[in-house]
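Visitor: Once you've had a glance at the structure underneath, I'll fire off some questions.
The values are calculated or read from the model by the stated rules, or taken from the named source; none is laboratory data. The structure presented is a predicted model; accordingly, all values stated were derived computationally and were not measured. We place every Cβ from the backbone using ideal geometry, glycine too, and count neighbours over all the protein chains shown. Heavy atoms of the whole protein, side chains included, go into the accessibility calculation; ligands, DNA and RNA do not. Shrake-Rupley method; radii C 1.70, N 1.55, O 1.52, S 1.80 Å.
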Protein chains: 2
Amino acid sequence: MTKSRAQQKEITRRQIIDAAFRLLSLDRSYSSLSLREVTREAGIAPNSFYRHFEDMEELGLTLVDEGGVALRQLMRKARQRIEDSSSVIRISVETFMEFIHNSPQVFHLLLRERSGTSLAFRKAVSRELQYFIVELADYIQHRQNYPTEDARIQAEAMVILVFNAGAEALDCKPAELKQLTEKAIIQLRYIARGADALSQVKRKVH
Amino acid sequence: MTKSRAQQKEITRRQIIDAAFRLLSLDRSYSSLSLREVTREAGIAPNSFYRHFEDMEELGLTLVDEGGVALRQLMRKARQRIEDSSSVIRISVETFMEFIHNSPQVFHLLLRERSGTSLAFRKAVSRELQYFIVELADYIQHRQNYPTEDARIQAEAMVILVFNAGAEALDCKPAELKQLTEKAIIQLRYIARGADALSQVKRKVH
DNA sequence: ATTTAATGTATACAACTGTACGCTGTAAAG
DNA sequence: CTTTACAGCGTACAGTTGTATACATTAAAT
């Protein structure tokens, strides 16, 4: 049986996406990739690219999307692990650091395009981050019943700090990785504790 | 009197540096600039570039350096302002946000090259950040006499969060800027308060 | 069975890049 | 005054880029 047209197209599309991910590394950002480079890596003719994406931008947004999905899947597993453990913070941070270790390309993409030159990219990455922030804020609010706004501000700080620890992890030796994780955990505990203390003050005043 | 040779060279060098800064914007990162583009903006011949810098990388490192100097100068002014005020955190964050507003190009550069493709750039930006972190850690340690390590972790979290607020500020409407500043201030207070609480626990245990 | 439509290719081109080479003018050194 | 050294320019070249156009193949629609 020969492949259907749609199937074959999907295969080629995947080749392009995978090729692009493969090309990302410590010293290669998405914006530094050329269309031809991607098609070369994918093993197709330059013009064939246009049969699947209008732009390098469109491909990039697809990558961000896929990266986001992968990240969310992993963090869902983290939540399962949390149920067996005492420390939410520790499990979450460690899971995230594992993700970065296992698929650094995805994190490279998100990290760099978060402050990149394309507004569409920035928005896309921001959306992925918001996903985590909202979820974490819900968790916090549900657990400690803070005001919504406070929970969100707290969640945001936490996500940013974990993200930052990930960024540092990319450049550091594997030996220092553990230390980096511990640092992030301490930082999140500062925030959790501080938010706790300050929200109690608030309630007394009211 | 005609200009001395060294003087004229310095002038041209400045033209290159200024041109590069001028070209940086929301949708133009340093790594996306070409050598020819910079020389065009500077009003010199492409080859003249080499009389002053070996590389675009060398120019870029110079820009990071200059940006760092400008930033440090401003924060020194902030410290003067602090003496007249009660809130260290508020003054520092507001001063930083003003800096970003006044010279966004410098911040763009630091923000993007912090996670860019050049190791030298990343190290250079990291050095600038360390400068703030160490200084802030000293301040914290002196004021609350924390353990050195704890103060550093706390300072790092603070600097990261302020830097992040700056990143968000670049993309937001001027009206939301105030709100962003307040958010960062709250986040830093969480950290300050949390670190306080946790270090007291530590002392009791010892 | 014939036509249609779409995936993929090869060729081509103009734009842009970094930089090598050689020249000019002139400040500085002798 | 003569010589040297060097900032700056013009030309040139090979390499890369995005993409327009035309064409081949073949699954799907008629």
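Visitor: Counting only protein heavy atoms and a 1.4 Å probe, tell me what percentage of region A:1-53's accessible area is made up of carbon and sulfur.
Guide: Looking at region A:1-53 in its full context, I get 48 percent from C and S.
Visitor: If you average the sequence gap of Cα pairs under 8 Å that are 6 or more apart and divide by the length of region B:56-205, what percent do you get for the contact order?
Guide: Details: 102 pairs, mean separation 34.2, N = 150.
It rounds to 23 percent for region B:56-205.
Visitor: Using a 1.4 Å probe on the heavy atoms of the protein chains only, list every residue of region A:126-171 that has 30 Å² or more less accessible area in the complete assembly than in its chain alone.
Guide: Going by heavy-atom accessible area, the residues of region A:126-171 that drop by at least 30 Å² are A:ILE153, A:GLU156, A:ALA157, A:ILE160, A:LEU161, A:ASN164, A:ASP171.
Visitor: Determine the sum of side-chain charges near A:PHE121: Lys and Arg each +1, Asp and Glu each -1, restricted to other residues whose C-beta is under 13 angstrom from that of A:PHE121.
Guide: Charge balance near A:PHE121 sits at -2.
Visitor: Seen from all sides and averaged, what is the projected area of the convex hull of the Cα atoms in region A:119-190, in nm²?
Guide: 5.6 nm²
Visitor: Could you please state, rounded to a whole Å, how far the C-alpha centre of region B:110-129 is from the C-alpha centre of region A:143-206?
Guide: Between the Cα centre of region B:110-129 and that of region A:143-206, the gap is 24 Å.
Visitor: For the protein assembly as shown, would you read off the P(r) tail past 40 Å as a percentage of all alpha carbon pairs?
Guide: When every Cα pair of the protein assembly as shown is considered, 23 percent fall beyond 40 Å.
Visitor: Debye calculation, C-alpha points only, no solvent: report log10 I(q)/I(0) for region A:1-53 at q = 0.30 Å⁻¹, in the same order as the q values.
Guide: The Debye formula, applied to the Cα set alone, gives -1.19.
Visitor: Shifting gears a bit: For region B:15-133, count the residues as N, evaluate 2.2 N^0.38 Å, and divide the Cα radius of gyration by that value, please. Each step should come with its number before you reach the end.
Guide: Details: Rg = 15.9 Å, N = 119, 2.2 N^0.38 = 13.5 Å.
For region B:15-133, the normalised Cα radius of gyration comes out at 1.17.
Visitor: Exceeding 24 Å between C-alpha atoms, which entries from my cross-link table qualify? They are A:LYS123/B:LYS183; A:LYS77/B:LYS123; A:LYS178/B:LYS123; A:LYS123/B:LYS178.
Guide: Violating the 24 Å limit, Cα to Cα: A:LYS77/B:LYS123.
Visitor: Turning to a different aspect of this structure: Cα convex hull of chain B: how many Å³ per residue?
Guide: 158 Å³
Visitor: Tally Lys and Arg at +1 and Asp and Glu at -1 over the other residues with C-beta under 14 Å from the C-beta of A:ALA42: what net charge comes out? Numbers along the way, then the final one.
Guide: Details: positive: A:LYS9, A:ARG13, A:ARG14, A:ARG22, A:ARG36, A:ARG40, A:ARG51; negative: A:GLU10, A:ASP18, A:GLU37, A:GLU41.
With Lys, Arg at +1 and Asp, Glu at -1, the neighbours total +3.
Visitor: In addition: Using the heavy atoms of the protein chains alone and a 1.4 angstrom probe, what is the accessible area of chain A per residue in square angstrom? Don't skip to the end; give the middle numbers.
Guide: Details: 10950 Å² over 206 residues.
Per-residue value: 53 Å².
Visitor: What does the charge count near A:LEU110 come to, summing +1 for each Lys or Arg and -1 for each Asp or Glu among other residues with Cβ under 13 Å from its Cβ?
Guide: Result for the local shell: +2.
Visitor: Residue by residue, what Karplus-based ³J(HN,Hα) values in Hz, rounded to whole numbers, does region A:117-126 have, using 6.51, -1.76 and 1.60 with θ = phi - 60° and x for Gly and Pro?
Guide: Going residue by residue, I get 8, 9, 4, 4, 4, 4, 5, 4, 5, 4 Hz, with x marking Gly and Pro.
Visitor: Then there is this: How big is the charge dipole of region B:1-53 about its Cα centre, in debye rounded to the nearest 20, if each Lys and Arg gets +1 on its Cβ and each Asp and Glu gets -1 on its Cβ?
Guide: In total the dipole reaches around 280 debye.
Visitor: Give me the dipole magnitude in Debye, nearest 20, for region B:56-205 about the Cα centre, with unit charges on the beta carbon: positive for Lys and Arg, negative for Asp and Glu.
Guide: The calculation lands at about 560 debye.
Visitor: Using Cα springs under 10 Å in a Gaussian network model of chain B, which residue among B:ARG51, B:ARG79, B:ARG122 shows the largest mean-square fluctuation?
Guide: Greatest mean-square fluctuation among the candidates belongs to B:ARG51.
Visitor: Sticking with this one: Select from B:VAL106, B:VAL93, B:VAL134 the residue whose mean-square fluctuation is largest in a Gaussian network model of chain B (Cα-Cα springs shorter than 10 Å).
Guide: Result: B:VAL134 has the largest fluctuation of those listed.
Visitor: Continuing with this model, one more query. At what distance in nm do the modelled label points of A:GLN7 and B:ARG28 sit from each other, each positioned 7 Å from its Cα along Cα→Cβ?
Guide: Going from the A:GLN7 label point to the B:ARG28 one covers 5.0 nm.
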